[in-house]
Amino acid sequence: MGDDFKPCPFCGELSGLEIGRGTNDREGAPTWVYCTHCAAHGPWVYCSEDDAGPAVRAWNDRDQAKEVIGHLKTIDPKQCSMDTWNAVQDALEVLEQ
């Protein structure tokens with residue numbers, strides 16, 4: 001494929017990323033990247049059967065993450081559990097890479 005995955009923007013894992021595919025139609029196969037650790041998935045894009053590169057590039061597109069980063073930075077640690085706060089900090093670390 002030639003495209004390297006970025007870690008999951010939600011849990012930070014890299015080892016559990018996989019390619020998902022729907023049924024082929026005249027435009028190709030709906031294809032996406034998903035995380036087996038936290039069930040996050042990227043946007044699906046049509047790809048040929050032998051090239052999931054467009055789906056990997058869509059997964060790696062962190063421009064979409066800017067809005068999420070802005071929201072995460074507004075979370076008040078006094079208003080959530082320690083586990084939630086730690087997850088927010090971990091997500092910010094991954095998203096800001």
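Rule-based calculations on the coordinates, nothing more; no lab input. Predicted model, so just to flag it, every value in this text is computed and none were measured. All Cβ positions, glycine included, derive from the backbone under ideal geometry; neighbour counts span all protein chains shown.
List the residue ranges in the chain for DSSP H helices whose C-alpha atoms run 15 angstrom or more along the long axis and whose Kyte-Doolittle average is 0.0 or above. Before the final figure, lay out the partial values.
Working: long enough: 82-95 (19 Å, 0.17).
Passing helices, by number: 82-95.
Taking the Cα centre of region 17-95 as origin, work out the dipole magnitude from +1 charges on Lys and Arg Cβ and -1 charges on Asp and Glu Cβ, in debye rounded to 20.
Numbers: 7 positive and 13 negative charges, 52 e Å.
Dipole of region 17-95, to the nearest 20 debye: 240 debye.
Which listed residue (Val45, Ala91, Trp59) has the Cα farthest towards the positive end of the charge dipole for region 17-95, taking +1 on Lys and Arg C-beta and -1 on Asp and Glu C-beta about the Cα centre?
Going by the Cα projections, it comes out as Ala91.
Which residues' amide hydrogens lie under 5 Å from the amide hydrogen of Leu17, considering only partners 5 or more residues apart or on another chain, with H built in the peptide plane?
Counting only residues 5 or more places away or on other chains, the set is Thr36.
Assigning unit charges at the beta carbon (Lys, Arg +1; Asp, Glu -1) and nothing else, what dipole magnitude in debye, to the nearest 20, does region 56-97 show about its Cα centre?
Numbers: 5 positive and 8 negative charges, 16 e Å.
My answer is approximately 80 debye.
Could you name the aspartates and glutamates in cross-link range of Lys6, using Cα to Cα under 17 Å and dropping any fewer than eight places away on the same chain?
Partners found: Glu18, Asp61, Asp63, Asp90, Glu93, Glu96.
Spit out the partnerless Cys residues in the chain, using Cβ distances under 4.7 Å as the pairing rule.
If one checks each Cβ against the other cysteines of the chain, Cys47, Cys80 turn up with nothing under 4.7 Å.
Can you pull a Stokes-Einstein diffusion coefficient for the chain at 25 °C (0.890 mPa s), Rh from Kirkwood over Cα pairs, as a whole number of µm²/s?
Details: Rh = 14.5 Å.
Once the numbers are plugged in, D ends up at 170 µm²/s.
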